[in-house]
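Visitor: Dumping the structure here so I can ask a few things about it.
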Amino acid sequence: MIRDGEHHFCCKGCQQVFHLLHDQGLTSFYEKLGDQTLHPPSDSASGEDLEHFDSEGFLRRYVRKRPDGLLEVSLILEGIHCAACVWLNEKVLHRLPGVVEATINYSTNKAKVVWDPHSIKLSRIVEAIRSIGYDAHAYDPSLQEERALQARRDYYARILVAVFATMNIMWIAIAQYVGLFTGMKPEYKQILNVAEFVLATPTLFYSGWIFFKGAYYGLKNRFVNMDLLIATGATIVYLYSIWAMVTNKGEVYFDSVTMIITFVLVGKYLEVLSKKQAVDTIDRLLGSYPTQVRVIDTQGQGRLVPVEQVEVGKIVELKPGEKVVIDGRIVEGAGSFDESSLTGEALPVYKEVGDEVVSGSICLDSLVRYRVERPFRESMMSQIARLLEESLNKRPKIEALANELSGFFSLIILTIALLTFGGWYYVTGSLEEALVVAVSVVVIACPCALGLATPMATLVGIGEAAKRGILFKEAAYLETMAKADTLVLDKTGTLTRGEPAVVAEERFAPFDPALIAAVVTRSNHPISRGIAAYLRVKNPPVPSHFVEIKAKGIEAVVNGHQIVAGSVAFLQERGISIEYRGEHTVFAVAIDGRLVALFELDDPLREGAGEAIVKIKELGLAVVMLTGDSPQVARRIASILGIEYRAGLLPQEKAAFIDDLHAKGHIVIMAGDGINDSLALARSDIAIAMGSGADIALSVSDVILLEERPMKLYEAIRLSQRVYRIIKENLALSLIYNTIALPLAILGYVNPLVAALAMSLSSLAVVGNSMRIKGGLK
């Protein structure tokens, strides 16, 4: 503290902080801090564990080396409790020589620090943070999960108290409004008023505490927000009601206090539930992959080595069913690899010596050894994770329309109420009458209707969407989706089923379908399943001999007949004369050395895809398909649906396409279901994932479709547009109501009771209008 020009400190640590700030010219921090108190610096500032931040293991695991030679790390800061703390830490870090960038997210306490390792060590950066009373440690997603869960529990408890109080207080209020208490003795009525006071008090100060907190920080940062309006309106009504109860003059409006807090608190709770990263997406992605791989030494012996320590040139061994963690090239063995998590395509890819294997794929059927060509941090999955994090950090923040109006509305209402109080007190000289009129102004212009305009419509919209199998992770996404003008779709699994099916058959000789069915029913390959579904042969014979050559075909003997089936190249290897130059996947069959049939397979469109695209276009959206598939297949699908397309795209190229749309001013919805879609999903304004999609696609998505039908895309967009229109109607109703009611209240024609009734009617109008969302979607 400062007394008579002298500085007094609680400890030497705080004295060090003061002198540090004074030397750096940052003493204005104390003005920003206000009456809050900093805790003394941690004892760890002396540096017992600081060396850990410079250790090779820590740098390898948490620190990323950028192409420009700078290092980057994500830290969690402890002790951040206000915007002043963020300001202080950023200022101090930027003053350190060698620190290039230091940004702190106040909502997550996550700091991104970029520095030059030749000028400063990470331990020195952490030491600077600790020297001003904070602490830092490597980013751990479990802390974020715990923080989000605690916030949800806190809101839930506050809502329970508010709902309990509102339900009980409304029984009393309704009875009063309908006249059941007419003629009641004052002392008995006072008991009811006290009961309402007891119920309203915890609702306002416990359940409504978040509004007071939000209003405080808003004013501290010179921003008048909706929280200030809610807190002011509820508090004035509460104080007036106490005055009316104590003086036994006028009516109490504790029911209005509980209604305001409860309804708006439910809307705020929707935002808490919408936090889509209870567990950090990046760590969930990388956490699902092995942390060790089997490295083969020069003697041919294998040993498990952490992925971060595997050097370029080392030989890694893959067993059937294992995931590829580090990119490389096969040097021994061959087999089929499932790359659906990367490309979105269901068919396995056969790879042999000389072919590249990328992280994210799965070795299905063989033991393979490959030479590492890139370190773990530069592998495909690491690059996707890094780009995904950058995309998430750049996600646009859409503010609700009501909050855009709240500052303007709040200032006007508060100013009008104050002027009304002053004017009436000047004219009448009566404090009581002036207070009654001023309270009437605040009550009749109570933010209940304005506060309900957005949450009530979104609540109905989200509930209706959930009934239809459409899950919005955040209420604000309804508005963003409603404003979108472009829909970008992945092909496989989104527009198509991801299940190859026969679309054409060419027969070259008579044959018994049961012979082919006997072969394909023994295989678990997607193409074999497609052929079996096409033939529909019940109880086929059992082959006496059966050999499946992975990624090529099948050789079998059925009822004495030699059968060779599979790809064109496989049959040609077996001496069968065959040629094909079409646009489909082919399954050819030869019986006893003679080609008898050729089946063309295609991944069929999902049911209703064409109808959904037509309806989506009618809503005013342009539709584009992005796929990693061949241009021939993509062209055929796009021509059927009548949409634009881009084919042969890698995940990064899909994301770049989304960025290009943004650069042209478009608001983009992206729908996909695989890891290959995760970058584009994260870059889009609204990300939609199918319910059975990859975990990473679900985690970065804003909307999840539980039913994998394209018509659900149409329903989601149509619902969002209707909800947004209803929100604007609700806001218009609220503003029109206030335009009419305010002058009447200012002139003294409305007492607090009528004001409360009028406010309730305005709220009912908003609620009733919001219910129209259901009827408009049938």
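Visitor: Any idea how many residues of the stretch 360-381 are more than 34 Å from the chain's Cα centre (by Cα) and aliphatic (A, V, I, L, M)?
Guide: Matching residues across the stretch 360-381 total 3.
Visitor: Residues that are open to solvent by 50 Å² or more (accessible area, probe 1.4 Å) and at pLDDT 75 or above: does the stretch 178-189 have at least one?
Guide: yes
Visitor: Answer yes if at least one residue in the stretch 590-601 is free of Cβ contacts under 8 Å to residues at least 24 places away in the same chain and among the aliphatic types (A, V, I, L, M), and no otherwise.
Guide: Residues of the stretch 590-601 free of Cβ contacts under 8 Å to residues at least 24 places away in the same chain: none.
No: zero hits.
Visitor: Still on this structure: Hey, does the stretch 556-568 have a residue that's modelled with pLDDT of 90 or more and either of a type in the set (Ser, Thr, Tyr) or within 30 Å of residue 626 (Cβ to Cβ) (or both)?
Guide: Scanning the stretch 556-568 turns up no residue that is modelled with pLDDT of 90 or more and either of a type in the set (Ser, Thr, Tyr) or within 30 Å of residue 626 (Cβ to Cβ) (or both).
Visitor: Could you list, in sequence order, all residues of the stretch 115-146 that are closer than 12 Å to residue 73 by Cα, open to solvent by less than 10 Å² (accessible area, probe 1.4 Å) and either at pLDDT 90 or above or in a loop (DSSP other than H, G, I, E, B) (or both)?
Guide: 115, 122, 125, 126
Residue-by-condition table, conditions (1) more than 25 Å from residue 583 (Cα to Cα); (2) surrounded by fewer than 22 Cβ atoms within 10 Å (Cβ to Cβ); (3) among the small types (Gly, Ala, Ser):
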| site | (1), (2), (3) |
| --- | --- |
| 476 | yes, yes, yes |
| 492 | no, no, no |
| 516 | no, no, no |
| 535 | no, yes, no |
| 540 | yes, yes, no |
| 549 | no, yes, no |
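Visitor: Residue 493 - would you say it is modelled with pLDDT under 90, assigned to a loop (DSSP other than H, G, I, E, B) and within 30 Å of residue 685 (Cα to Cα)?
Guide: No; evaluated as a whole, the condition is false for this residue.
Visitor: I'd like to check something: does the stretch 366-374 contain any residue that is assigned to a helix (DSSP H, G or I), touching a strand residue (DSSP E or B) at 6+ places or on another chain (Cβ under 7 Å) and at pLDDT 70 or above?
Guide: Initially, the stretch 366-374 is screened for residues assigned to a helix (DSSP H, G or I), giving none.
No - not one qualifying residue is present in the stretch 366-374.
The values are calculated or read from the model by the stated rules, or taken from the named source; none is laboratory data. Computed from a predicted model, the values in this text were never measured in an experiment. Ideal geometry is used to build each Cβ from the backbone, glycine not excepted, and the neighbour counts take in all protein chains shown. Side chains included, ligands, DNA and RNA excluded: accessible areas come from the protein's heavy atoms. Shrake-Rupley method; radii C 1.70, N 1.55, O 1.52, S 1.80 Å.
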